[in-house]
Amino acid sequence: MLRVLGCITQDHDLRLVLLAGALCLFACSTAMGLIGRARASGGRARTLWIAGAGFVAGSGIWATHFVAMLAYRSPYPFDYDIGLTVLSVAIAVALCGAGFALAVVRRSAFLGGALAGSAIGTMHYVGMAAVRAPAREIWDFDYVAVSLVIGILAMAFGMRLVMREEKLRAYSFGALIFTLAICSMHFTGMTAVTFAYDPTVPATTGILAPDALAVAIAAIAVLILALGMVMAVVDHHLAERAAGEAARLRAHIAELESTKVALEQSLHDRAVALSKADMASRSKSAFLAAMSHELRTPLNAIIGFSEVMALQAFGPIGNAQYRTYVRDIHDSGNHLLALISDILDISRLEAGKAELNEEPVQLSTLAADCLRMVERQAEAAGLTLAQDVSTALPRVLADERRIKQVLLNLLSNAIKFTPPGGSVSVTARQDESGISLSVGDTGVGIAPGDIARAFESFSQIDSTVARHHQGAGLGLPLARQLMELHGGTLTLESEVSAGTTATAFLPAARILARARPAAAA
């Protein structure tokens, strides 16, 4: 150690030694900044940052070496071989770049640092081989070995420290350790050599004079300074962009938090609304159940007693007007009972509590039964009834009472809104998709814009005929929901003053047996 210090203080110009150390520290600090950018980047950008770090570090090692060589007080004039001098800087840049790539990309900090440390020794001894002087070099190989070990181990330790964490403190310590490694290796290597005067050493060509070397070193220093300034500009730009991104991110987070609060409030309000709706539904169900019992019981008595009075089972009624009143009471009671039944059915369907009593149903028989039930009503209205439902149609799996309810509702509407002299027909058709049961009339029809309203509960289509036949407006909505409960549909096709066709469709999945083809005659 004392010998190395003596070499520095006695054999070198300390001003140039300090200059070499400052240049080395600046180059190492710049290289650390570039390594930091490489770690934060990826792909091609990472490769460019690593290459820049290798160039700066390698050039810094080279510049430090030759500034220190200019500081060396030799009794003999020194010149330098141009080829070996250029080779020395190329070796330093290549090995530093490879070491940094190994540390950053392969995550092998110790080996990458050791490879970068080998760049110091290799560059130093290739640079020493470039020295041309009237003297021979005498080497102390112990110091040579120590110099190489110092460079490799110190750089390996420094790189491991840098790669441990991405903080300014780590990069600062790394730059300091790299600088100590480079300077310690150089001056230990210079302690290992002694120049002995030998006038027989032949002169060589391709020589680089110290003045030209100083110019080259100055150019390298300017280049390193320029790279440092570029890095500072890039750092400033990236810092501004990061600050902008952070501000936008904070605003986005605040917006998300606000949205989250709004959503949570909306979910809470929805839960409260659903709870209230459920309570209202249960209250409605309880009310309808009570109404069913409280209204049906007296209605059944009214209907039953009116039938007894109409039949005059206990003797004749004195005045004919009373018999008319009895029939009106009976008809009104039946109408009110049907209305209550429709309201209860609608409520059960909307609550999802309606169930089907499924069984095989023959549609031709069902259509005939329904036509018989409305036959007197059609005769009273002066209408003609027609049926085109083949007995060869297959049976379907359905709730017979519900399908009959649908068909009776459609027939009742058709009869109600068809003027005298018109006709009402029932037809059935089968195709691959299923079976359609249609009720057509030659009545007043419905405007296209009113068809959707016809399916709304308690809705009335304003027409002259409709006003003469008041109803609750539940027939079509109830019929549609009953068909949908079967997995089918109910549709209307209508033209004003031309008539209406209502089609109840059952899907093919409900067909139990296909019609057999008729035998050839």
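The values are calculated or read from the model by the stated rules, or taken from the named source; none is laboratory data. Since this is a predicted model, take the numbers as computed values, not measurements. No Cβ is skipped: glycine too gets one built from the backbone with ideal geometry, and neighbour counts run over all protein chains shown. Accessible surface areas use protein heavy atoms only, side chains included; no ligands, DNA or RNA. Shrake-Rupley method; radii C 1.70, N 1.55, O 1.52, S 1.80 Å.
What the chain shows is 54 Å² of accessible area per residue, with the surface traced by a 1.4 Å probe over protein heavy atoms. Other residues whose C-beta falls under 14 angstrom from the C-beta of Ser497 contribute a net charge of -3, scoring Lys and Arg +1 and Asp and Glu -1. Nonpolar atom fraction for the chain, defined as the carbon and sulfur part of the 1.4 Å probe accessible area, stands at 62 percent. When the chymotrypsin sites (Phe, Trp or Tyr not before Pro) in the stretch 15-63 are filtered for DSSP coil states and for at most 13 other beta-carbon atoms within 10 Å of their beta-carbon, no site remains.
For the chain, the membrane-span-like helices by this rule, meaning whole DSSP H stretches whose C-alpha atoms cover at least 24 Å of axis and whose Kyte-Doolittle mean is 1.0 or above, are 14-40, 82-104, 109-129, 141-164, 168-191; this says nothing about an actual membrane. Enumerate the lysines that Lys353 could reach by cross-link, defined here as Cα to Cα under 21 Å, with residues fewer than 8 away along the same chain left out. By straight Cα distance, Lys353 reaches Lys276, Lys284, Lys404. Placing unit charges on the Cβ atoms only, positive for Lys and Arg and negative for Asp and Glu, gives the chain a dipole magnitude near 900 debye about its Cα centre.
Computed over the stretch 305-456, the percent of Cα pairs more than 19 Å apart is 66. A compact globular protein would have a Cα radius of gyration near 2.2 N^0.38 Å; the ratio found for the chain is 2.21. Taking all protein chains together and a 1.4 Å probe, the residues His268, His486 rank His268, His486 from largest to smallest accessible area. With both labels modelled 7 Å from their Cα along Cα-to-Cβ, the Thr324 to Ala243 distance reads 9.8 nm.
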